[in-house]
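Trainee: Here it is: the structure, laid out below.
The values are calculated or read from the model by the stated rules, or taken from the named source; none is laboratory data. As the structure is a computational prediction, the values presented were derived from the model and not from experiment. Counting neighbours? That spans all protein chains shown, and the Cβs are built from the backbone with ideal geometry, glycine included. Heads up: the accessible areas ignore ligands, DNA and RNA and are worked out on the full protein's heavy atoms, side chains in. Shrake-Rupley method; radii C 1.70, N 1.55, O 1.52, S 1.80 Å.
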Amino acid sequence: MSELGKIDRQFFEERIAPNLGAEREDVALGPSHGVDFGVLDVGGRALVTATDPVSIPPALGLERAARFALDLILADVAVSGIAPSHLSICFTLPETMDNEAFATVWETIHEECADLGVAVVTGHTARYADPSHPWVGAATAMGVGDHDEIVRPDGARPGDHLLLTTGPAVESVGLLSTLFPDQLELPEDVIADAQQRLEDVYCVRDALTAAAAGPVTAMHDVTEGGLAGAANEMAAGAGVGFEIDRDAVPLRPGVAEVCAHLGIDPWAATSCGSLLLTVAPDGVDAVREALTERGTVVAEIGRVVEGAEAGTVRVDGDVLEHPRVDPSWEAHARLAEDATR
């Protein structure tokens with residue numbers, strides 16, 4: 001089990017997967033390592049659901065932090081192609097968050113939910129002595145649709161094209177450069193570019209846009225483990241191979257410089273806001289056009305292949321392994337320690 005970040009596949013398979021409570025026929029898709037959502041069958045309709053922690057780093061500004069937290073929560077349902085429609089949310093607030101600060105967070109969440117058509121159906125809010133920023137709760141997002149409308153995480157098929165939105169490490173670079181600018185010995189313009197990456201971390205609308213334009217056969221948000229993790233999880237789940245062209249992968253301004261400065265691999269670092277999609281050949285142009293119309297950077301980066309190396313990801317012919325731990329965790333801890341000196 002990794003020390004920081006999500007549990008690894010081995011721990012999940014040995015300790016979590018064998019212990020999932022009652023076996024019920026209405027669970028159409030249950031927990032699986034690397035899969036963003038679950039599915040229940042409710043009277044013949046699909047209820048897609050996903051749960052995530054709520055992270056509110058005050059240094060980002062409360063409104064921006066709240067919008068970022070909500071998008072991350074809703075994204076795990078949106079990548080199913082089903083629009084999130086309901087939200088259950090729990091806040092375990094630290095004593096340092098006063099009523100005015102929480103009101104700013106809550107009103108931002110309300111406004112964004114209203115714009116997306118998401119209703120809050122239940123929740124819990126309280127202050128406790130031990131919690132601290134940024135981890136202040138958890139939430140479950142839900143969406144309802146037809147089973148045959150779901151974009152399954154294991155749906156990649158040989159011949160599909162690989163599309164990537166935004167690019168690697170935008171979340172890691174945007175957060176680290178905003179939280180710890182004084183610890184980065186880089187030119188001011190590079191730091192400014194890096195901080196601007198926080199405008200790239202929203203993907204709910206991109207996911208729904210892509211699914212509507214499709215056919216999209218599989219979709220994964222590029223969170224912990226980065227592009228390398230997402231690609232390996234999708235390929236392994238579908239039992240196919242991925243072939244990626246490194247030069248085709250977009251890098252947003254500031255990403256390469258900050259990652260090189262911190263000694264982290266941008267392909268292994270979390271990049272909330274980026275989506276990895278497999279798209280049927282006849283849907284590639286439509287998906288790219290729809291995302292481009294939204295102002296989203298999107299690139300075709302490779303192909304899905306079949307053969308003896310099912311589950312293997314290759315970049316320019318070389319095997320790309322799943323990173324054991326996301327390097328942004330260690331970088332954050334190191335910068336936070338430096339900031340206290």
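Trainee: What pairs can you find where one residue is in the stretch 123-140 and in contact (Cβ under 8 Å) with a residue 12 or more places away in the chain, the other is open to solvent by 90 Å² or more (accessible area, probe 1.4 Å) and of a type in the set (A, V, I, L, M, F, W, C), and their Cβ atoms are less than 6 Å apart, with a gap of 6+ or different chains?
Mentor: Note: no pairs meet the criteria.
Trainee: Specify which of the listed residues (GLY283, GLY254, GLY229) is crowded, with 19+ Cβ neighbours inside 10 Å and on the phi > 0 side of the Ramachandran plot.
Mentor: After ruling out the rest, the residue left standing is GLY254.
Trainee: Follow-up. Assess whether VAL48 counts as being out of contact with any His (no Cβ under 7 Å at 6 or more places or on another chain), of a type in the set (Val, Ile, Thr) and surrounded by 14 or more Cβ atoms within 10 Å (Cβ to Cβ).
Mentor: yes
Trainee: Right, next: Looking only at the stretch 124-140, filter to residues that are of a type in the set (Gly, Ala, Ser) and open to solvent by less than 60 Å² (accessible area, probe 1.4 Å); which one of those is nearest to GLY214 (Cα to Cα)?
Mentor: Top of the filtered list is ALA139.
Trainee: Another question, if that's okay. Here is a list: ALA228, ALA212. Which entry is of a type in the set (A, V, I, L, M) and in contact with a helix residue (DSSP H, G or I) (Cβ under 6 Å, 6 or more places away or on another chain)?
Mentor: Going through ALA228, ALA212 in turn, the sole match is ALA228.
Trainee: Considering every residue within the stretch 72-79, establish whether at least one is touching a Lys or Arg at 6+ places or on another chain (Cβ under 9 Å) and at pLDDT 95 or above.
Mentor: Looking for residues that are touching a Lys or Arg at 6+ places or on another chain (Cβ under 9 Å) and at pLDDT 95 or above, one finds at least one in the stretch 72-79, hence yes.
Trainee: Is there a residue in the stretch 53-74 that is of a type in the set (Asp, Glu), open to solvent by 10 Å² or more (accessible area, probe 1.4 Å) and closer than 30 Å to ALA228 by Cα?
Mentor: Looking through the stretch 53-74, none of the residues is of a type in the set (Asp, Glu), open to solvent by 10 Å² or more (accessible area, probe 1.4 Å) and closer than 30 Å to ALA228 by Cα.
Trainee: Out of GLY155, GLY143, report the one residue that is modelled with pLDDT under 95, touching a strand residue (DSSP E or B) at 6+ places or on another chain (Cβ under 9 Å), among the small types (Gly, Ala, Ser) and surrounded by 15 or more Cβ atoms within 10 Å (Cβ to Cβ).
Mentor: GLY155
Trainee: Turning to a different aspect of this structure: When you look at GLU185, is it open to solvent by 30 Å² or more (accessible area, probe 1.4 Å) and part of a helix (DSSP H, G or I), yes or no?
Mentor: no
Trainee: GLY117 - would you say it is of a type in the set (Gly, Ala, Ser), at positive phi and open to solvent by 30 Å² or more (accessible area, probe 1.4 Å)?
Mentor: It is true that GLY117 is of a type in the set (Gly, Ala, Ser), at positive phi and open to solvent by 30 Å² or more (accessible area, probe 1.4 Å).
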